[in-house]
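Written out below as structure tokens is the structure these notes cover.
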Amino acid sequence: MAAMAMRLPVARKAVRQSAAPGGEKHLVAPGDIITTDTGYMRGHGTYVDEEKLIASVAGAVERVNKLVYVKALKTRYNGEVGDIVVGRITEVQQKRWKVETNSRLDSVLLLSSMNLPGGELRRRSAEDELAMRDYLQEGDLISAEVQSVFSDGAVSLHTRSLKYGKLGQGVLVQVSPSLVKRQKTHFHDLPCGASVILGNNGFIWIYPTPEQKDEEAGGFTTNLEPVPLSDREVISRLRNCIVALVTQKLMLFDTSILYCYEASLPHQIKDILKPEVMEEIVLETRQRLLDLEG
Amino acid sequence: MAALELLSDEGYRADGRRAAELRKVRARMGVFAQADGSAYIEQGNTKALAVVYGPHEMRGSRSKALHDRALVNCQYSMATFSTSERKRRPHGDRKSSEMTLHLKQTFEAAILTQLYPRSQIDIYVQILQADGGNYCACVNAATLAVIDAGIPMRDYVCASSAGFVEDTPLADLSYIEEASGGPQVALALLPTSEQIALLEMNSRLHEDHLEEVIEAASKACKAVHAVLDQVVRDHVQEVTALLGD
């Protein structure tokens, strides 16, 4: 019989106070009075009762001039125009798709706000409407950009660029949206041999770096050729590294993922998920990021 | 010996507590990664697990969606192994659907649902070990889970039960005290504003005593609030410290 590794639970370690610069932040819990001064504007995560500004979520109080808001540690995704998101089609409706994007309401992708196969812009005909399910059907993953946000918080998406469109083979990791760092670009071809899309909504797509780009029209022809083992290993390792970074609450961006990937190289891919290995490689990543900042 | 002595002459209860003393409360937030919010609580030997999903798009029948606020959907269940007698509990038996309704009422009062029109918030709680005060443990666990999910609430909701034995109000009843058949009050309170989210009473209690029993329960709620608040603050502190750099 093969030997089996036995693992016993260990007590959780308290976070060292030395690594806690959160001390100077004003932390609140629901029901806490933030201020009794009426000169402030009420922002997210707060409400007014009897002229007192009260927190409604647990988190850190932030102030921008006269606006006071509480930033919760984790929430659902709040769409902002220009964000890159990864989502999953949940429904095909008249002239639109419904997309699950970890938002509080499903997002919409209008037929008119996507590039149809064939490339160039043309009027959407009735045939296009009937063939919607041929382009995207329930369960398909897409990458898109936020076009507008409705008053109820729902988001309208567009895929009017060859960067966006249907996703083919790869791995999806779902994390809290607050852990994805906002950057100029959210599409990265990592030097380790795979690419990632860091969706602002916390959906992260890891896929093999495509050899030739922008040949296929909007990415509707899915490449179903088998991915070589070496690529799959890189993808699995990246996936486990991202999971490790998320468990240790480190912000996700290209450098942190790459450093974590490099720190994980001495370990087997499956071992990265062990708590002590996670802690070790994330600590190393943290250290390198601090060195980078100088 | 006749009946079980619930309060000794020296003023101790069957498990050695004083009349107004609570059982030890231990809690943890963020126990699952997949859910939007989750929490685990132990109140003495009563153990409960709560998970929150949402606010998200309406699932199932879309006609139930409310155009001006979010729908709070609760589900209460007891693990087969939670009681001394192993028992399969199918969903929708009378006791658990009543508990579900109570939880829904409690959290509709606390969550700022008007911020999320046409959405749905799911709260699932399960009792892992039942030793009295199941409703209270569920409310307390669900509060932590809702806070963990970052859903805006007016205030914490803290719940505690109280009984009345030999002219003394007892706080935080255990299973044997509940099973003795005396009067029993369950109270869910928004502690800072002292608003009552839910009040439920079983069996008979003289009107003159009602006030002091409720007083004992609300005192217990505030004590629970102090513990939960500490748990939340520690959690927030820990996570911001990790995120800080």
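The values are calculated or read from the model by the stated rules, or taken from the named source; none is laboratory data. Everything numeric here is computed off the predicted structure, so don't read it as measured data. Virtual Cβ from ideal backbone geometry, glycine too; neighbours counted across all protein chains shown. To get the accessible areas, we keep the full protein, side chains included, count just its heavy atoms, and leave off ligands, DNA and RNA. Shrake-Rupley method; radii C 1.70, N 1.55, O 1.52, S 1.80 Å.
Among (1) charged (D, E, K, R); (2) in contact with an Asp or Glu (Cβ under 6 Å, 6 or more places away or on another chain); (3) modelled with pLDDT under 90, where does B:Glu57 come up short?
Of everything listed in (1) charged (D, E, K, R); (2) in contact with an Asp or Glu (Cβ under 6 Å, 6 or more places away or on another chain); (3) modelled with pLDDT under 90, B:Glu57 misses just condition (3).
Tally up the residues in region A:71-98 that are among the aromatic types (Phe, Trp, Tyr) and either under 19 Å from A:Met251 (Cα atoms) or surrounded by fewer than 24 Cβ atoms within 10 Å (Cβ to Cβ) (or both), please. Talk me through it step by step, then tell me what you get.
Going residue by residue through region A:71-98, those that are among the aromatic types (Phe, Trp, Tyr) are A:77, A:97.
Cutting the leftovers down to either under 19 Å from A:Met251 (Cα atoms) or surrounded by fewer than 24 Cβ atoms within 10 Å (Cβ to Cβ) (or both) gives us A:77.
Final tally of qualifying residues: 1.
Take region B:201-240 and flag every residue that is open to solvent by less than 50 Å² (accessible area, probe 1.4 Å) and not in a helix (DSSP H, G or I).
B:Leu205
Go through the residues of region B:125-141 one by one and say whether even a single one is within 28 Å of A:Tyr77 (Cα to Cα) and not in a helix (DSSP H, G or I).
yes
Which pairs turn up if I take residues in region A:135-154 that are farther than 14 Å from A:Asp106 by Cβ and look for partners that are assigned to a loop (DSSP other than H, G, I, E, B) and of a type in the set (Asp, Glu) with beta carbon separation below 8 Å, at least 6 apart in sequence or on another chain?
Matching pairs, first to second residue: A:Glu145/A:Asp83.
Pick out, from region A:181-294, the strands (runs of 3 or more DSSP E) lying fully within it that include 1 or more residues that are among the hydroxyl-bearing types (Ser, Thr, Tyr) and either open to solvent by 40 Å² or more (accessible area, probe 1.4 Å) or at pLDDT 90 or above (or both).
Those strands (runs of 3 or more DSSP E) span A:194-198, A:203-208.
Among the residues in region B:205-212, are any of a type in the set (A, V, I, L, M), more than 21 Å from A:Leu27 (Cβ to Cβ) and within 14 Å of chain A (Cβ to nearest Cβ)?
No, because not a single residue in region B:205-212 is of a type in the set (A, V, I, L, M), more than 21 Å from A:Leu27 (Cβ to Cβ) and within 14 Å of chain A (Cβ to nearest Cβ).
Suppose the filter is within 14 Å of another protein chain (Cβ to nearest Cβ) and not small (Gly, Ala, Ser); does A:Val70 pass it? Outline the logic, then answer.
On the way: within 14 Å of another protein chain (Cβ to nearest Cβ): yes; not small (Gly, Ala, Ser): yes.
Taking the combined requirement at face value, the residue satisfies it.
Which condition number does B:Gly92 fail, the rest of (1) of a type outside the set (Lys, Arg); (2) at positive phi; (3) open to solvent by less than 60 Å² (accessible area, probe 1.4 Å) being met?
(3)
Answer with yes or no whether B:Gly182 is open to solvent by 10 Å² or more (accessible area, probe 1.4 Å), more than 14 Å from chain A (Cβ to nearest Cβ) and either closer than 22 Å to B:Ala14 by Cβ or assigned to a loop (DSSP other than H, G, I, E, B) (or both).
Considered against the rule, which asks whether it is open to solvent by 10 Å² or more (accessible area, probe 1.4 Å), more than 14 Å from chain A (Cβ to nearest Cβ) and either closer than 22 Å to B:Ala14 by Cβ or assigned to a loop (DSSP other than H, G, I, E, B) (or both), B:Gly182 comes out as yes.
If we keep just the residues of region A:57-70 that are surrounded by fewer than 24 Cβ atoms within 10 Å (Cβ to Cβ) and touching a residue at least 24 places away in the same chain (Cβ under 8 Å), which is farthest from B:Ile147 (Cα to Cα)? Break it down stepwise before answering.
Restricting attention to region A:57-70, the residues satisfying the condition of being surrounded by fewer than 24 Cβ atoms within 10 Å (Cβ to Cβ) are A:60-69.
From what is left, the residues that are touching a residue at least 24 places away in the same chain (Cβ under 8 Å) are A:60-61, A:66-69.
Values: A:Ala60: 13, A:Val61: 15, A:Lys66: 26, A:Leu67: 23, A:Val68: 19, A:Tyr69: 16 Å.
Looking at residues that are surrounded by fewer than 24 Cβ atoms within 10 Å (Cβ to Cβ) and touching a residue at least 24 places away in the same chain (Cβ under 8 Å), I get A:Lys66.
What are the pairs, 6+ residues apart or on separate chains, where a residue within region A:163-184 that is in contact (Cβ under 8 Å) with a residue 24 or more places away in the chain has its Cβ under 6 Å from a residue that is part of a strand (DSSP E or B) and among the aromatic types (Phe, Trp, Tyr)?
Close Cβ pairs satisfying both conditions: A:Leu167/A:Trp205; A:Gly170/A:Trp205; A:Gly170/A:Tyr207; A:Leu172/A:Trp205; A:Gln174/A:Phe203; A:Pro177/A:Tyr77.
Counting just the residues of region A:168-180 that are of a type outside the set (Gly, Ala, Ser) and closer than 15 Å to A:Pro226 by Cα, which one comes out least open to solvent (accessible area, probe 1.4 Å)?
Looking at residues that are of a type outside the set (Gly, Ala, Ser) and closer than 15 Å to A:Pro226 by Cα, I get A:Val171.
Quickly run through region B:151-176 and pick out the residues that are surrounded by fewer than 23 Cβ atoms within 10 Å (Cβ to Cβ) and either over 19 Å from B:Glu211 (Cβ atoms) or within 14 Å of chain A (Cβ to nearest Cβ) (or both).
Within region B:151-176, B:Arg154, B:Tyr175, B:Ile176 qualify.
Just give me the residues in region B:62-83 being among the hydroxyl-bearing types (Ser, Thr, Tyr) and either open to solvent by less than 50 Å² (accessible area, probe 1.4 Å) or modelled with pLDDT of 90 or more (or both), in sequence order.
B:Tyr76, B:Ser77, B:Thr80, B:Ser82, B:Thr83
If you go through region B:28-47, how many residues are within 14 Å of another protein chain (Cβ to nearest Cβ), part of a strand (DSSP E or B) and of a type in the set (A, V, I, L, M, F, W, C)?
Counting residues in region B:28-47 that are within 14 Å of another protein chain (Cβ to nearest Cβ), part of a strand (DSSP E or B) and of a type in the set (A, V, I, L, M, F, W, C) gives 2.
B:Leu187 versus (1) in contact with a helix residue (DSSP H, G or I) (Cβ under 7 Å, 6 or more places away or on another chain); (2) within 15 Å of B:Gln43 (Cα to Cα); (3) open to solvent by less than 20 Å² (accessible area, probe 1.4 Å): which is the lone unmet condition?
(2) is the only condition that B:Leu187 fails.
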